[in-house]
Every structure is written in C-alpha cells, then in structure tokens.
Amino acid sequence: MKKILSLVLCLCMFMSLGLGVTAAGFSDLSSDHWAYSNIQTLVNEGTINGYEDSTFKPSKTVTRAEFAKMIGKWNQQYTGSYSDLSENHWAYEYIMWSGLESVGSMIYPDAEIKRGDVINLIWKRNGSPKHDAAPSAITKQGTNPDAASWAYTIGLMKGDDGLNLRLDSSLTRAEAATLIIRSREVVAANATNNFIDVVDEELLKRVYNTLNLLGEEYDADSVLTYAELARMAIVFAADGGAIHINSNDQTTSDNKPVEHFDHKYTKEFFVLCQKVWGEDFYTAKNADSKATLQDAVGAIMYGFVRRGTAPFDMGKKDDYYSDCKNISNTVYENMFLTYAKTHGIKLYANGKLGADEHASVKKYSALLLQYNEVMGLATAYNNGTKTNIKYNTYLSGYPGNYNDFYNIVSGIPNGVYNLKKSGVSAKNFYNAANQCAFVYSAYLAEVKSYVLKNSGYSVNYTFYPSATFEQNNRILFTAKISLTNKDGNVSVPVSDIFGDMIKNPIDKAVKPGSEFYVVFETYEPLMDIYLPRSNAYVKAVFVG
C-alpha cells in the first residue's frame, strides 16, 4: 500500500510540473499555432502547464504572479514584504525571487502583467545596463527609457510595427511564453538593431503619403534632391495652404535681389540655402544633386520653424552628431542638428546620423516618423493657439475611411471620423477649415465661457481642422475638451456641462480631469467670419 501511495504521489508531482504533457496534448493548441514551439519548450521544462480540461488557453492574459512562475526564479531574493502578498499565496516564493517592481508596498500579484513590466524585469535580470541606442520615439515609451532602448535594440520587443511597443498592454499566455524564449536567444546573441531596419515600411509609407509634400507616392529607394527637400520644407510649412514666398525670402545677405536660374523649385531652394545650407550652396548643379541626411534634417526642421506653430525648445548649439560636417554654414543648421541629436532623432544604434548618406524617401520618411513622435507633424489649435500634434501611428486602429481625411490624428476616436458620410471629402475641406480656424476657436471660447457660467466647470479645448468637414449644408467640427477645476472620481453628465447646447439627449458622463471629444454641428453653412454659439450645437460626445 505504501509503495502504491508513493507511486501515486510521485505521479501527481510529475503531472503538476507539466513534465508529462507536451504542447501537442492541448486541445486548443495546434502545431501550426504561431507560439507552438515556444510553449512546448516551457511545458517540457515544467515552467508552465495547461488546465484540467486539457486546454492551454493561449489567448488568456497572464497575471504578475503567473509570469513570475513562468520566467522562473532569479538569483536575488527580495527580503522585505508586500502589503498585498501573504506567505500563503501560491506564487509567494516565485514573486519574492522574481525581481518584479512594486508600486509602493504593493506588488499586485493577481493583476495582469504589462508588456512594460516584462521588459523592465528582463532588463533588470540582465544587469540593468545603461542604454540609449534607440531613438527617443522608443525610449519615451513605458516607465524605463534604458529598458525600452535595450529591449528594442537587441530585438526582445519591437511591437507589431517596429515603433509602437504597446508597453501598457497586457500579455497573453502565448505572448508571455514567446517573450521568455526570445529573451534567452536575443540576450545571448547581443544583437544591435537599427530603427531604419526594424520599423514597418507601411508606417513610413503612410506618413510620407499623408504629408504629400511633392505630390508623389512613396518610393522607398528614390533619392531626394536638394531642390526637392527645399520644396518639401516650404509645402510642410504651408500646412495645406497656398505657398507664399515673399521678397524677403529672395534677398541675398547684402540685401540684393537674388539672380535665379531656371528651375521649378528655384525660389524654394534659395530659401533653404539662405536660411540653412548657406548662400554659396545656391547653384543649379546643387539643386539637382542628391541630398544627404544631414541636410534633410535641416530642411525638416526649417519647415517646423516656418510653419509658425507653438515654439519648441530650440536654441542650443554645438551638440550635433559626431559624423556631421561643415556645420558652420548657418546658425540655423547648427541649432537644427543639435536639436535633432539631443532629442533622440536617430536611424542607427551607433549614435550617428548617417550624415553623408543619401536622403532616400525611406530614410527621409523614417526621420519624419520620429519627428512626429517628438514634435508632431499635424496641427491643431489649443485654446486658440496653433500647435503641433501627433499623427496616429497605430495603423490597425485607423478608421476605414481614413483616405477621406487630410490626416488621422492621435487620440481622436474613430467614431468622430465615422460621422462623415460616404462621398464627403474632409480632405478637400481641410484648407478652408485651417484658414478659418480662428472662427472655430472663437466659437469654442464662447462655449468655454458659457460652460463656466452655466455649470461652474472650467474647460480647455483643442480644435482639429483635419476632423472638420461639410455635409448636408452643415459643418461638423471636433474639439477635445477637458475639465480643469474639478477633482475626484465622480462623473459629470455631459448635459450638466453643455446645457441647452445639446439638441438631442446624450446619456454620457465624464470624469473630472479626463479628456473627451465633442463633435459640434452648425445649423447652416459657415457664411461669415463669426460663428455665434447659438448657431451650432453638440451633436456627439465620445468618452474614453
């Protein structure tokens, strides 16, 4: 009897470790599942197992405690205590030997683990190296810039598109198994991945085609000329409007009118030479020469300056990339390259720009994509002041009718875009909306005053020209609204905020301090330079 009991106990221990079950034995996990081999490796090791009903549940999210068990014990033990973890918790030992970061005195063992928690943990287990090889578009994601840079550069985590790591997202069991196996491989390989080689080309194509600075479709290998760079900078600065090059733009440093050569972009090329590349560079030969990445950075930055949006922290000099040359051409060039370097614009993990490389459309687009993350390529009006905002780079979340809009802005819910009817082009309305931005901003300022008087709530607003369009002889325009003078978590009905501005009942509420989106609709087309508050109403509200 004792021998039988011992045999049964051993068998139970063996099965509890998962050593007797292979991934092939799970009813919901076939051999063609994308994570099959990684799951099978961990199952065979006994670090992960399935459920009593013979399933693995690869799509089920993983808790912090579960991941601590999956990754196994570290060589360092936490000797303190957590207020939300008792010694009776099934994963107590795994958590105490895991290296997981706490939040104050709490470790949240049963909360879903985030992708950012995972890279922070693996980075910590590998010596917490200082690391800044990735661009700021990567390092600013999550809570630990060093961990994000390290994980991205060695290839541990690059997201679905080489840009968005989704560090706030949870992990499925399949994803967790894959990350654990991948961490062993990439750490051992000590690879160095460059942004330009990792980022999804569809992202580059989307940002290039959206800006449409030359009126040509994305062609990765096409190399831009200096004249084309100049034209693109001036078009970018115009922000969808007409190109204006005044007489001051066409005067030499000794106040004489410039003698132009025959070229379709000769005026734009002279502006960039005068302001950035140096007047001596203004020759017909150089206009059609292949441009370098160093000069592409200068052109992009000049476009931002000329656009005249809210000021950014430019002014520092002499801290540019080590491979840049002839920086003394103009003060602007020095400042532009210093700004780019100190704000983490980089295509390569070695800290260099690739300054003398030709500015292919692919590399130029990769620079634009990073500038979008640092400064924002789109524009909006924050409390009446024109400012830069980000394009939406989560392509899988784009509205189906995105081609009908001038650009798709980060944060705006798809429901806003879906209010536009088929056959209506918001893209064609963008310039009119942008030129009349002062009208919409003045209207929203009146709304702000009305809300304060009607409800006691202070609000801030941002108006988006690209989410403005005309249909059915009315104009729909969108603003992001935030309550600024109320604390706490008690939700406020939107009817209390907007009062009689709501034409049809809207059964929604917002939390103080949160941001939400309001679509206003005019009662008739905008026919004047003034839109009274009574001539538009709240059509829709999008919360969360």
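Before moving on, here are some points about what is shown:
- Degrees between helix 145-154 axis and first principal axis of the chain (Cα, 0 to 90, nearest 10): 80 degrees
- Label positions at Asp146 and Ser30, each projected 7 Å from the Cα along the C-beta direction, are separated by 4.6 nm.
- Spin-label proximity, Phe438 to region 238-255 - amide N less than 17 Å from point 7 Å beyond Cα toward beta carbon: 241-242
- Prolate/oblate/rounded label for the chain (Cα gyration tensor, a/c 1.5): oblate
- Overall form of region 91-140: prolate. Here a/c, set by the Cα gyration tensor axes a ≥ b ≥ c, is 1.5 or more, and a/b is the larger of a/b and b/c.
- Placing pseudo-labels 7 Å out from each Cα toward the beta carbon at Asn382 and Ser514 gives an inter-label distance of 2.2 nm.
- Backbone N atoms of region 364-407 closer than 20 Å to the 7 Å Cα→Cβ label point of Asn454 belong to residues 383-384.
- Estimated FRET transfer efficiency (Ser322, Ser59; beta-carbon r; R0 51 Å; 0.05): 0.65
- Only helices enter this figure: runs of n ≥ 4 DSSP H residues, each worth -39500 (n - 2.57), summed and divided by the residues of the chain, yield -10500 deg cm²/dmol at 222 nm to the nearest 500.
- For Lys325, the lysines whose Cα falls under 21 Å of its own Cα, not counting residues fewer than eight places away in the same chain, are Lys275, Lys285, Lys290, Lys316, Lys317, Lys341, Lys346, Lys352, Lys363.
- Packing-based order for 521-534, 100-113, 427-440, using average beta carbon neighbours within 10 Å, highest first: 427-440, 100-113, 521-534
- Summary of packing: across the peptides 216-226, 267-277, the per-residue average of other C-beta atoms within 10 Å ranks them, highest first, as 267-277, 216-226.
- By the beta-carbon count within 10 Å of each Cβ, the least crowded to most crowded order of Asp295, Asp313, fewest first, is Asp313, Asp295.
- Given R0 = 35 Å, the distance between the Cβ atoms of Ile502 and Met106 translates into a calculated FRET efficiency of 0.25.
- Radius 15 Å from Cβ of Tyr320, net charge of other residues (Lys, Arg +1; Asp, Glu -1): 0
- Under the Karplus curve 6.51 cos²θ - 1.76 cosθ + 1.60, θ = phi - 60°, whole-Hz ³J(HN,Hα) for region 438-448, x wherever Gly or Pro sits: 5, 5, 5, 5, 5, 4, 5, 5, 5, 4, 4
- Cα shape, region 120-268, gyration tensor, a/c 1.5 rule: prolate
- Two-site FRET efficiency, Glu217 against Ala310, from Cβ-Cβ distance with R₀ of 30 Å, rounded to 0.05: 0.45
- Lysines with Cα under 25 Å of Lys480, excluding same-chain neighbours fewer than 8 positions away: Lys140, Lys386, Lys390, Lys420, Lys421, Lys427, Lys448, Lys453, Lys503, Lys508, Lys511, Lys539
- Using a cutoff of 8 angstrom between alpha carbon atoms and counting only pairs six or more residues apart, the relative contact order for the chain works out to 9 percent.
A short reminder: the numbers here are calculations on the coordinates, not readings from a lab. Nothing here was measured: the structure is a model prediction, and the numbers come from that model. Positions of Cβ are backbone-derived with ideal geometry, glycine not excepted, and every protein chain shown enters the neighbour counts.
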